[in-house]
Amino acid sequence: MHYSKQKFESFLINSRSILNISFNTSSIKEAIGDFGYTDERLEEGKRLYDDLVEIAELQEKKEEEKKLCFERKASFQAKVSSEYMKYLKIARIVFNKDEEAYLALALKGQRERTYDKWYHQVSMFVNNILANEEYLKKMNSFGIKKNDIKKLRKDIDGIQRISEECTRLSARVSSIVKEKKIKMLKWQEWLSDFIKIVRIAIQDTPSANKQWLKQLLTKGE
């Protein structure tokens, strides 16, 4: 069976079919039993197959959780960024002639695009306003109250928590992918040896079984 020519799902279906026939066809079980493939050895193969299916399902689940996490992060960040930009534009007016404030609040230049730099930029803006009563008074005179800035601080903290969750999920997915590759190799190795033995064993089985199993084993080749 040429694994590289099959999609993962097709490979699972086809290899499971081989196991099913081997388990359920007495003449084939008898034939491969003469070559050391006892019920215990077949159960070993089934466990390897089941392990692969289980890790594949887990990967699919975690990939979906990761996708939803990043979507939630992007949506929340877009909302908070819009609020931040409103305060930023007002701050640029408020502190138009205050060079120190311009530097402290990072009012000059373009806004950062990558998340970590964006988070740092917004945090600097929020933290330095909240730490300076004079800045708060001047922003308040333009309708931006302390509670508005505190809410922005709370929101970016919320985004950071989501970002950390997304990072953990990304790490988990990477770990699962590595584990899946290992389980895939173990199953492929077991199946490859098994198929080699089956090809030998079916030479002495009834023609119906021989034709049936040969057709199955060559699927995808």
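For the chain, what is the charge dipole size about the Cα centre, in debye to the nearest 20, if Lys and Arg each add +1 at the Cβ and Asp and Glu each add -1 at the Cβ?
1180 debye
What's the angle, to the nearest 10 degrees (0 to 90), between helix 39-94's Cα axis and the longest principal axis of the chain? Compared with the principal axis, the helix lies near 10 degrees. Suppose R0 equals 25 Å; then what is the FRET efficiency for LYS145 and LYS89 from their Cβ-Cβ distance, rounded to the nearest 0.05? Computed FRET efficiency for LYS145 and LYS89: 0.90.
Residues in the stretch 13-25 carry Karplus couplings, in order, of 4, 5, 5, 5, 4, 4, 5, 4, 5, 5, 6, 9, 10 Hz; the curve used is 6.51 cos²θ - 1.76 cosθ + 1.60 with θ = phi - 60°, and Gly or Pro positions show x. Taking the accessible area of the stretch 113-181, probe 1.4 Å, and keeping the other protein chains in place, the carbon and sulfur fraction comes to 50%. The GNM of the chain, with springs linking C-alpha atoms under 10 angstrom apart, assigns the highest mean-square fluctuation among THR167, THR114, THR38 to THR114. Since only PHE76, LEU107, ILE18 are under comparison, the one whose Cα sits farthest along the positive direction of the charge dipole of the chain, derived from C-beta charges on Lys, Arg, Asp and Glu, is LEU107.
Residue-wise HN-Hα couplings along the stretch 98-112, as the Karplus relation 6.51 cos²θ - 1.76 cosθ + 1.60 with θ = phi - 60° gives them from phi, are 10, 5, 4, 5, 4, 6, 5, 9, 6, 7, 7, x, 6, 7, 5 Hz; Gly and Pro carry x. Given R0 = 25 Å, the distance between the Cβ atoms of LYS181 and ARG47 translates into a calculated FRET efficiency of 0.90. If each DSSP helix of 4+ residues adds -39,500 (n - 2.57) and the sum is divided by the residues in the chain, what number results at 222 nm, nearest 500 deg cm²/dmol? Helix contribution divided over all residues of the chain: -28000 deg cm²/dmol.
Where in the stretch 55-94 does the label zone of TYR115 land, with the point 7 angstrom along Cα→C-beta and an amide N cut-off under 13 Å? Label zone hits: 66-78.
May I ask you to give the solvent-accessible area per residue for the stretch 1-91, in square angstrom, as obtained with a 1.4 angstrom probe?
58 Å²
How large is the accessible surface per residue of the stretch 117-209, computed with a 1.4 Å probe and reported in Å² as a whole number?
Accessible surface, normalised per residue, equals 57 Å².
Over all projection directions, the Cα-based convex hull of the stretch 1-160 averages an area of 14.9 nm².
The values are calculated or read from the model by the stated rules, or taken from the named source; none is laboratory data. Quantities reported herein were computed from a predicted structural model and do not represent experimental measurements. Note that we place each Cβ from the backbone using ideal geometry, even for glycine, and neighbour counts take in every protein chain shown. Keep in mind that these areas ignore ligands, DNA and RNA; they rest on the heavy atoms of the full protein, side chains included. Shrake-Rupley method; radii C 1.70, N 1.55, O 1.52, S 1.80 Å.
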